[in-house]
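I have a structure here, written as structure tokens, and I will follow up with some questions on it.
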Amino acid sequence: MLRGYRASLLWFADPAQGADSIRYEEDGLLLVGPDDLGCQVVQALGDWHGLSARYPGLAVEHWPGRIIAPGFVDMHVHFPQTNVIGSPADGLLPWLENYTFPEEQRFADPDYAAEAAAFFVNELLRNGVTTALAFATSHSTSVNALFAQAQARHMRLITGLCLMDRHAPAALLNPAGSGNGAAEQSLVESEALIQRWHGQGRLGYAITPRFAPTSTDAQLRGAGELAARYPDVWIQSHVAENKDEIAWARTLFPQSRSYLATYADFGLMRKRAVYAHCIHFDDDDRALMRSTGAVAAISPTSNLFLGSGFFDYVGADRVGFGYGLASDVGGGTSFSPFHTMLAAYYVGREGHSTSGLSLTPQQLWWQHTAGAAQALGLDGVVGNLLPGCEADFVVLNPAATPLLARKTARAASLAELLFALIVLGDDRVVERTVVAQAL
Ligand SMILES: [Zn+2]
């Protein structure tokens with residue numbers, strides 16, 4: 001059974017062309033219906049008058065003055081750091097020690113993890129995020145809690161057991177098992193979680209070394225072997241965020257050419273490998289990203305908050321590796337994709353440590369929707385409204401606040417309209433979030 005949604009429509013007509021293929025239909029119709037497997041997908045979209053005439057008797061919801069846009073894709077967010085957001089600290093390493101590690105220890109408790117997962121998923125959806133690649137903790141309870149909650153809400157979500165077998169408080173390290181050391185046991189647990197959750201409905205698994213310094217060689221090697229055995233499973237970690245972190249990683253893995261190369265040396269760079277931050281890179285690192293197909297999750301609110309540095313867009317594009325946007329809550333300061341896009345604009349403008357550029361509103365929007373989906377290997381699945389895409393979308397109100405109403409009413413172009421939303425928008429703009437319901 002088909003359902004129609006009438007409003008203004010925003011989408012990318014040709015993902016191979018990227019941000020430049022953005023389209024806007026002032027009075028549009030989005031047609032949604034089940035695919036062969038019963039998942040709600042986009043069946044067609046176009047202008048209201050042309051398309052609606054072909055579907056007499058169609059049930060239509062009409063949202064005048066609203067914009068239907070693809071649900072946002074958050075490429076890197078920490079579910080157990082929801083309570084850590086906005087914690088004051090003197091840079092990354094003290095922030096981990098004083099706030100993040102103590103909070104993450106609480107996720108060994110299934111009730112604590114379940115309550116936090118419900119809040120987290122609700123907060124993502126309330127902000128218009130319909131796909132997320134998320135960290136959990138080193139406790140299987142936290143992974144099970146988050147998957148269960150996402151499944152209940154039909155949300156597309158990827159997460160995995162955090163691998164850390166050294167250099168963290170004992171309560172956060174992966175435990176040893178019967179007859180197994182901690183490294184081996186953490187990989188046995190990861191594989192069991194892959195088999196339980198990966199590919200169940202809209203859920204996906206990510207092999208998740210926290211970052212190289214908190215894993216032994218044995219754990220990283222085992223993670224790489226697991227990634228080779230399950231090539232359609234994701235990999236997620238952090239790299240080159242902060243200069244102290246890089247110096248530490250270099251002393252722990254002196255045999256690798258660079259911090260990033262450590263991951264390649266353990267078999268952890270390939271398609272569907274997502275590295276948060278990727279700030280302090282040289283061109284050899286960038287070339288390694290490109291040649292392996294690994295991608296960057298740019299986390300601008302986090303990088304500005306912790307003073308980590310500025311992602312070099314010019315360098316990334318010169319060498320040509322994939323990337324998209326991420327909130328990185330709780331180092332990041334907001335779940336809102338609008339705040340993240342604005343922070344990415346600031347990062348792009350920074351012209352003292354990089355050459356600096358003005359990202360267009362279309363580019364910013366692309367990086368948080370179809371571009372992020374492409375980086376995750378989910379192009380044609382989410383992040384867009386082209387026929388065949390899962391019907392994940394947001395209904396945006398461009399007049400959600402008095403200032404937004406005043407500003408967007410004066411927009412003389414699509415770029416001006418989108419930029420007003422990026423600069424002035426937040427969760428108040430997101431009137432509804434619709435996720436594709438499996439029947
Ligand atoms: Zn992170």
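All of the numbers you see were taken from the coordinates with simple rules; none came from a lab. Please read all numbers here as calculations on a predicted model, not as lab measurements. Cβ: placed from backbone, ideal geometry, glycine included. Neighbour counts: every protein chain shown.
Under a plain spin-label model, where a point goes 7 Å from the Cα along Cα-to-Cβ, how far apart in nm are CYS39 and ASP27?
Here the modelled spin labels are 3.4 nm apart.
Go ahead and estimate [θ] at 222 nm for the chain from helices alone: -39,500 (n - 2.57) per DSSP H run with n ≥ 4, summed, over the residue count, rounded to 500.
-10500 deg cm²/dmol
Report the one residue of ASN122, GLY315, PRO80 whose Cα lies farthest in the direction of the positive end of the charge dipole of the chain (charges on C-beta: Lys and Arg +1, Asp and Glu -1; origin at the Cα centre).
Among ASN122, GLY315, PRO80, the one farthest towards the positive end of the dipole of the chain is ASN122.
Here's a follow-up. Name the GluC sites (Glu not before Pro) in the range 383-439 that are in a loop by DSSP and that have at most 15 other C-beta atoms within 10 Å, would you?
Values: sites: GLU390, GLU416, GLU431; in loops: none.
Loop-located and lightly packed - none at all.
Residue separation times 0.36 nm, minus the C-alpha to C-alpha distance between ALA247 and SER355: what's the value?
That pair, ALA247 and SER355, stretches by 36.4 nm at full extension.
How would you classify the range 72-375 from its alpha-carbon gyration tensor, with a ≥ b ≥ c the square roots of the eigenvalues: rounded for a/c under 1.5, else prolate if a/b is greater than b/c, otherwise oblate?
Numbers: a/c = 1.43, a/b = 1.19, b/c = 1.20.
Rounded.
Continuing with this model, one more query. Provide the gained length on full extension for the span GLN195 to ALA409, in nm with one decimal, where the gain is 0.36 nm per separating residue minus the Cα-Cα distance.
Length gained between GLN195 and ALA409: 71.9 nm.
Just to be sure I understand: of the beta bridges DSSP finds with both ends in the range 1-150, what percent are antiparallel, rounded to 5?
60
Would you order ARG153, ARG126, ARG66 from fewest to most other beta-carbon atoms within 10 Å of each residue's own beta-carbon?
Neighbour counts put them in this order, fewest first: ARG126, ARG153, ARG66.
Here is a follow-up. Using a 10 Å cut-off around each Cβ, can you sort GLU225, GLU189, GLU123 from fewest to most neighbouring Cβ atoms?
GLU225, GLU123, GLU189
Taking every DSSP beta bridge with both residues inside the chain, roughly what % is antiparallel (nearest 5)?
On the way: 27 of 60 bridges.
Of the beta bridges lying entirely in the chain, close to 45 percent run antiparallel.
Just how far, in whole angstrom, is the range 326-342 from the range 283-299 if you go by their alpha carbon centroids?
Spelled out, the Cα-based centre of one part sits 22 Å from the other.
Let me know the Rg and Dmax you get for the range 1-125 when you use only its Cα atoms, in Å.
Here Rg and the maximum Cα pair distance are 21.4, 62 Å.
Among ALA183, ALA412, ALA145, which one moves the most in a GNM of the chain with springs linking Cα atoms closer than 10 Å?
The residue with the greatest mean-square fluctuation here is ALA412.
Determine, from the Cβ-Cβ distance of ALA53 and THR401 and an R0 of 45 Å, the FRET efficiency 1/(1 + (r/R0)^6), rounded to the nearest 0.05.
Once rounded, the FRET efficiency stands at 0.80.
Among ALA264, ALA182, TRP11, which residue has its Cα positioned farthest towards the positive end of the charge dipole of the chain, with +1 placed on the Cβ of Lys and Arg, -1 on the Cβ of Asp and Glu, and the dipole taken about the Cα centre?
With unit charges placed on the Cβ atoms, the residue in question is TRP11.
Among rounded, prolate and oblate, which fits the range 306-439 when a ≥ b ≥ c are the square roots of the eigenvalues of its C-alpha gyration tensor, a/c under 1.5 means rounded, and a/b larger than b/c means prolate?
Oblate, since a/c reaches 1.5 and b/c is not below a/b.
Is the shape of the range 91-206 best called rounded, prolate or oblate, per the rule: a/c under 1.5 gives rounded, else a/b larger than b/c gives prolate, else oblate, with a ≥ b ≥ c the square roots of the Cα gyration tensor eigenvalues?
oblate
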